1. Of all residues in segment 19-62, which are more than 28 Å from Gln117 (Cβ to Cβ) and among the basic types (Lys, Arg)?
2. Give segment 140-167 a look and list any residue that's assigned to a loop (DSSP other than H, G, I, E, B) and basic (Lys, Arg), or say none.
3. Assess whether Glu133 counts as being among the charged types (D, E, K, R), surrounded by 14 or more Cβ atoms within 10 Å (Cβ to Cβ) and either in the same structural domain as Arg18 (by TED's automatic domain parsing) or free of Cβ contacts under 8 Å to residues at least 12 places away in the same chain (or both).
4. Would you mind listing the helices (runs of 4 or more DSSP H) fully within segment 199-276 where at least 2 residues are at pLDDT 95 or above?
5. Anything in segment 89-129 that is over 18 Å from Ile139 (Cβ atoms) and surrounded by fewer than 18 Cβ atoms within 10 Å (Cβ to Cβ)? List them, or say none.
6. Within segment 58-75, can you find the residues that are in a loop (DSSP other than H, G, I, E, B) and more than 19 Å from Ile13 (Cα to Cα)?
7. Quick one: in segment 195-219, of everything that is surrounded by fewer than 18 Cβ atoms within 10 Å (Cβ to Cβ) and charged (D, E, K, R), which residue is nearest to the chain's Cα centre (by Cα)?
8. Within segment 68-81, take every residue that is over 16 Å from Cys126 (Cβ atoms) and surrounded by fewer than 19 Cβ atoms within 10 Å (Cβ to Cβ) and give me the one that is nearest to the chain's Cα centre (by Cα).
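The values are calculated or read from the model by the stated rules, or taken from the named source; none is laboratory data. The structure presented is a predicted model; accordingly, all values stated were derived computationally and were not measured. Glycine also receives a Cβ, built like all others from the backbone with ideal geometry; neighbour counts cover every protein chain displayed.
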Amino acid sequence: MNFQDIIGQERIIENLKRAFKNNKLSHSYLFQGADGIGKKMTALAFSKALLCKEKGEEPCNRCSSCVKFETGNHPDFFLIQPDRDIIRKEQIEDVISDINFKPFESSRKIYVIDDSQKMTREAQNCFLKTLEEPPDYAIFFLIIGQNMGLLPTILSRCEIIKFFPVRKDELEKFLISKYKKSKEEAEFISSYSKGSVEKAISIASSDEFVELREETIKIITDIVEGNSLKPFTSMEFFIKNEKKKEEIFNIILYWFRDIYLYKELKKKDLIINKDKLKLISDQTFLDIDKINDIIDNVQYTKNNVDRKANYQLSIETMLLNIQEG
């Protein structure tokens, strides 16, 4: 893990390096922003640099500290992650117990708490005293999403650094150079992933998403164009891909969003599915009210499924509603 692996967060990285160089590090940082835009990667790369025996702004990648960090065996680095979607009080108690011991190999001990908003209230209260009076050698990185979800007393003791989605043009260049994507492919992936590098890499490095997208669009297009049997004959696809339901809903929502925008504004630069522009144009025979109804219906179904409604019945109803208009 190195700073060079992170794209689009150069300003934040330079500020962290400057604080390190000038010996003005905070004891606790809170990295806030959308998922997949480099918060955790930045925390890991900076932790590696802080523990490196060469004491430079960049990790040397050669010393015993860097080697141990990369293999997950550094005795002065700790990554705390949710257990069954929460961070329990017992996990924080383990941190508090460990922090009483001085570093083993370096001058610092570093604790990265991923998805820190998932700490229970008991865990946060337990953590607070340590955050108020940390040992000189301790540094905390709290990774958090868009919604804070932390006690104000914790927030007030952290230096909050906001991460923003990676710019579309930067993401496109990255996809073209590293994943050998065409300009058209890179444009679609960067638009669809909304500035999330993690999401873009996931799409670019697997054919699975391409197949899922193609089949989903084909099913929806057939239904819109009047194939009365499609809502029933396509159910096998939806059942087989239930674990990918979040992606399927997004593909459908972005598809009708594009039809709406192209029908209303005729602006290609606003379209996510630019590689399907001809097909989108063909479906602008739908009236605006119908498109809005479909979008509302799909979003309603997605919300219901998220709340544990019966998946198969919800999908059947959604497809029939799309067909009937």
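1. Lys21, Lys53, Lys55, Arg62
2. Within segment 140-167, Arg157, Arg167 meet the criteria.
3. Considered against the rule, which asks whether it is among the charged types (D, E, K, R), surrounded by 14 or more Cβ atoms within 10 Å (Cβ to Cβ) and either in the same structural domain as Arg18 (by TED's automatic domain parsing) or free of Cβ contacts under 8 Å to residues at least 12 places away in the same chain (or both), Glu133 comes out as no.
4. By residue number, 208-224, 235-240, 245-265.
5. Within segment 89-129, Lys89, Glu90, Glu93, Thr120, Arg121, Glu122, Asn125 qualify.
6. The answer is Arg62, Cys63, Thr71, Gly72, Asn73, His74, Pro75.
7. Residue satisfying both the conditions and the ranking: Glu198.
8. That would be Gln81.
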